[in-house]
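Working notes, structure below.
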Amino acid sequence: MASFIATGCFSFVVYLLLTAGSGRLLGLWSGADLLAGVMIAAVVGWVARGFFCDPRRRAALQPMRWVRAIGYACGPFFLEMAKANVDVAYRVITGRIRPGIVRVRSGMQTDLGVLMLANSITLTPGTLTVGIDEDTNDLFVHMINVPEGIETRESLEAREVFSTFDCPSWIRRIAE
Amino acid sequence: MILNLLIGAAIAIGLFFNALGVFGILRFPDVYTRLHADTKATTFGSIFTSLAVALYALGRLFETADGQYATLLLHTLVAVVVLAITNATGAHAIARAARRRGHSPAQAVVDKLEEPAP
């Protein structure tokens, strides 16, 4: 029941975002839109509750995780992404590349944690997730510029892929 | 006036990064390095062009208080969030497909996927 309500509320908020400006009620919405939104959110909440809230862990029901996720997306993640773009722009202009695929120990236990880490790695400086070792949750990461000395090592820690911020521990607090 | 300058600057930066993405595709040696240029440069480029749209919508919203500009602003913000997620996922899917098809990274100094697991 709680997972149904949480999923329904989330889809209702998304519906409100997408239809804002349709009328004058409460400043932004029309009455018909609000009614349709409640009905659609109820249906979506019922159908998608098992995907949105993992029935065993119910991580999506803890509000602090949402606050941290938004903070992570606006803060460390956005800055790392900005650095990635400047870095890739520099490599496009100079053509100075030293590519290779390295193994990165993710240290994540859950699917959501591995997914967030893989996506964060893809959007941060010069790294692109190519594959995953499903037994150990290790990631295979293509780096556009492998630093000297890295190529002889067996594996990297996830922290070493990010330049400034400790993104893996943020993700661990959001997803695990 | 200042708003128009800001919009113009955002469009210029966005187009610059998108153009770098195109140069990267032409210039880099293999599919993996091209994906770097393709996904990262275009994420930033699209964020800045979307920022220009958002600034324009904000300006018009304060001028006219018309609801359609609020719609434009919110839809642009939603598009940016969705773009950031799908860009990474799509790049990973293409890289994985290339890997399974047997493409090795060109000029690679190390390739851990080739080696057996420890």
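Bear in mind that the values in this text are calculations on the coordinates, not laboratory data. This is a predicted model, so every value here is computed, not measured. So basically every Cβ, Gly included, is an ideal-geometry build from the backbone, and we count neighbours across all protein chains shown.
The sum of -39500 (n - 2.57) across all DSSP H runs of n ≥ 4, divided by the residue count of chain B, sets its helix-only mean residue ellipticity at 222 nm to -26500 deg cm²/dmol.
As a test of the definition: which semi-axes, in Å, follow for chain B when you take the square root of five times each eigenvalue of its alpha carbon gyration tensor? Largest first, please. Write down the numbers at each step before the final one.
Numbers: eigenvalues 304, 51, 13 Å².
One finds semi-axes of 39, 16, 8 Å for chain B.
Taking a ≥ b ≥ c as the square roots of the eigenvalues of the Cα gyration tensor, an a/c ratio of 1.5 or more together with a/b no larger than b/c marks region A:69-175 as oblate.
Across the options B:LEU55, A:ALA175, A:CYS9, the greatest Cα extent toward the positive end of the charge dipole of the protein assembly as shown (unit charges at beta carbon of Lys, Arg, Asp, Glu) belongs to A:CYS9.
Under the convention that each Lys and Arg Cβ holds +1 and each Asp and Glu Cβ holds -1, the size of the dipole of region B:2-100 around its Cα centre is about 520 debye. Summary of packing: across the peptides B:28-35, B:78-85, the per-residue average of other C-beta atoms within 10 Å ranks them, highest first, as B:28-35, B:78-85.
May I ask for the equivalent-ellipsoid semi-axes of the protein assembly as shown, computed as the square root of five times each C-alpha gyration tensor eigenvalue and listed largest first in whole Å? Its equivalent ellipsoid spans semi-axes of 37, 27, 15 Å. Segment A:VAL14..A:LEU79, full-extension length gain: 20.8 nm, with 0.36 nm per residue of separation and the alpha-carbon distance subtracted. Taking every residue in A:38-48 and counting other chain Cβ atoms within 10 Å of its Cβ, the average works out to 0.
A dipole drawn for region A:69-175 from +1 and -1 charges on Cβ atoms has a positive end, and of A:THR136, A:LEU79, A:VAL146 the residue lying farthest that way is A:LEU79. In this calculation the C-beta distance from A:VAL38 to B:VAL82 is compared with R0 = 22 Å, giving a FRET efficiency of 0.40. Taking amide hydrogens as placed 1.01 Å from N in the peptide plane, the amide H of A:ARG98 sits under 5 Å from those of A:ASN145, A:VAL146, each at least 5 positions away in sequence or on another chain. The string of couplings for region B:23-40 from the Karplus curve (6.51, -1.76, 1.60, θ = phi - 60°) is 4, x, 4, 6, 9, 6, x, 9, 5, 5, 5, 5, 4, 4, 4, 5, 7, 6 Hz, one whole number per residue in order, with x for Gly and Pro. With the convex hull of its Cα atoms as the shape, region A:85-127 has an orientation-averaged projected area of 3.4 nm².
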